[in-house]
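K.L.:
Pasting in a structure now, in structure tokens, and then I'll have a few things to ask.
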Amino acid sequence: MKLSKGIIVTLVIVGVLVIIFLWGMGGYNKMVSQEEGVTSAWSQVENVYQRRADLVPNLVATVKGYAAHEQETLEGVVNARAKATQTTIDPANMTPEAMAQFQAAQGELSTALGKLMVVVERYPDLKANQNFLELQAQLEGTENRITVERQKFNDAAKSFNTLIRKFPKNIIAGMFGFERKQYFEAKEGAEEAPKVEF
């Protein structure tokens, strides 16, 4: 049985199209998997930030019992917590502006908590309170978790961003609307060492 040139050419073209389709499908599926990885990593970031926010009311209540006249500091922490929990980002629409707004709200909470810890130094009885010590330890652990999860998110975003920018995957990314994910970045001025004065 002899095949005509037309059938052979048709089979070759179909074979090439099948290979291109399978390659494109594999690339698309890998992008979807990595984008889901970024979304999952972002969920973990939000999870640990929420854990920190959940610790704040207990911490404020404990401090309030000892330092009732530090009302301004306590209100600052409560207000910063409220702002931080209201500022969220949809992982599918992670713009630089939204990321900056999220980081600013979380930074305000970190600053307010820092001020609260300075206030605590004035109250030796509070520093010795077992409930406060446990909350402080949980808060420190949560801050460490935030750092770890932010790094994991940045790693996932880097992997995804690299994938969608490499040729020829960038063609598939452009066809299906895969866009670069934002990174967590250090606050402005973080590159300078803080001044310590005694």
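The values are calculated or read from the model by the stated rules, or taken from the named source; none is laboratory data. As the structure is a prediction and not an experimental result, all values here were calculated from the model. Positions of Cβ are backbone-derived with ideal geometry, glycine not excepted, and every protein chain shown enters the neighbour counts.
K.L.:
Anything in the range 54-84 that is closer than 27 Å to residue 181 by Cβ and either touching a Cys at 6+ places or on another chain (Cβ under 8 Å) or surrounded by fewer than 18 Cβ atoms within 10 Å (Cβ to Cβ) (or both)? List them, or say none.
P.N.:
If the condition is that a residue be closer than 27 Å to residue 181 by Cβ and either touching a Cys at 6+ places or on another chain (Cβ under 8 Å) or surrounded by fewer than 18 Cβ atoms within 10 Å (Cβ to Cβ) (or both), then 54, 83 are the ones that fit.
K.L.:
Could you check the range 82-112 and list, in sequence order, the residues that are outside any helix (DSSP H, G or I) and out of contact with any Ser or Thr (no Cβ under 9 Å at 6 or more places or on another chain)?
P.N.:
Narrowing the range 82-112 to residues outside any helix (DSSP H, G or I): 87-90, 94-95.
If the condition is that a residue be outside any helix (DSSP H, G or I) and out of contact with any Ser or Thr (no Cβ under 9 Å at 6 or more places or on another chain), then 87, 88, 90, 94, 95 are the ones that fit.
Conditions tested, residue by residue: (1) in a loop (DSSP other than H, G, I, E, B); (2) of a type in the set (Phe, Trp, Tyr); (3) under 18 Å from residue 92 (Cβ atoms); (4) modelled with pLDDT of 90 or more.
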{"site": "132", "(1), (2), (3), (4)": "no, yes, no, no"}
{"site": "141", "(1), (2), (3), (4)": "no, no, no, yes"}
{"site": "144", "(1), (2), (3), (4)": "no, no, no, yes"}
{"site": "149", "(1), (2), (3), (4)": "no, no, no, yes"}
{"site": "179", "(1), (2), (3), (4)": "yes, no, yes, yes"}
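K.L.:
Let me ask you something else. Sort out which residues of the range 4-36 are farther than 30 Å from residue 156 by Cβ and either loosely packed, with under 10 Cβ neighbours inside 10 Å or under 34 Å from the mean Cα position of the chain (by Cα) (or both), and write them in order of number.
P.N.:
Matches in the range 4-36: 4, 5, 6.
K.L.:
Say whether the condition of being touching a helix residue (DSSP H, G or I) at 6+ places or on another chain (Cβ under 8 Å), touching a residue at least 40 places away in the same chain (Cβ under 8 Å) and within 30 Å of residue 164 (Cβ to Cβ) is met by at least one residue in the range 52-63. Working first, answer last.
P.N.:
Filtering the range 52-63 for residues touching a helix residue (DSSP H, G or I) at 6+ places or on another chain (Cβ under 8 Å) gives 52-53, 55-60, 62-63.
From the residues that got through so far, the ones that are touching a residue at least 40 places away in the same chain (Cβ under 8 Å) too are 52-53, 55-56, 58-60, 62-63.
Applying the additional criterion that residues be within 30 Å of residue 164 (Cβ to Cβ) yields none.
Within the range 52-63, not a single residue is touching a helix residue (DSSP H, G or I) at 6+ places or on another chain (Cβ under 8 Å), touching a residue at least 40 places away in the same chain (Cβ under 8 Å) and within 30 Å of residue 164 (Cβ to Cβ).
K.L.:
Continuing with this model, one more query. Looking at 111, 88, 162, can you tell me which residue is closer than 17 Å to residue 51 by Cβ and either among the charged types (D, E, K, R) or loosely packed, with under 15 Cβ neighbours inside 10 Å (or both)?
P.N.:
88
K.L.:
Just the residues that are in contact with a Lys or Arg (Cβ under 8 Å, 6 or more places away or on another chain) and either under 30 Å from residue 112 (Cα atoms) or among the hydrophobic types (A, V, I, L, M, F, W, C) (or both), please, taken from the range 1-53.
P.N.:
The answer is 31, 38, 41, 44, 45, 48, 51, 53.
K.L.:
Please work out which one of (1) surrounded by fewer than 15 Cβ atoms within 10 Å (Cβ to Cβ); (2) touching a Phe, Trp or Tyr at 6+ places or on another chain (Cβ under 9 Å); (3) at pLDDT 85 or above is the condition residue 125 fails and give its number.
P.N.:
Evaluating residue 125 over (1) surrounded by fewer than 15 Cβ atoms within 10 Å (Cβ to Cβ); (2) touching a Phe, Trp or Tyr at 6+ places or on another chain (Cβ under 9 Å); (3) at pLDDT 85 or above leaves (3) as the failure.
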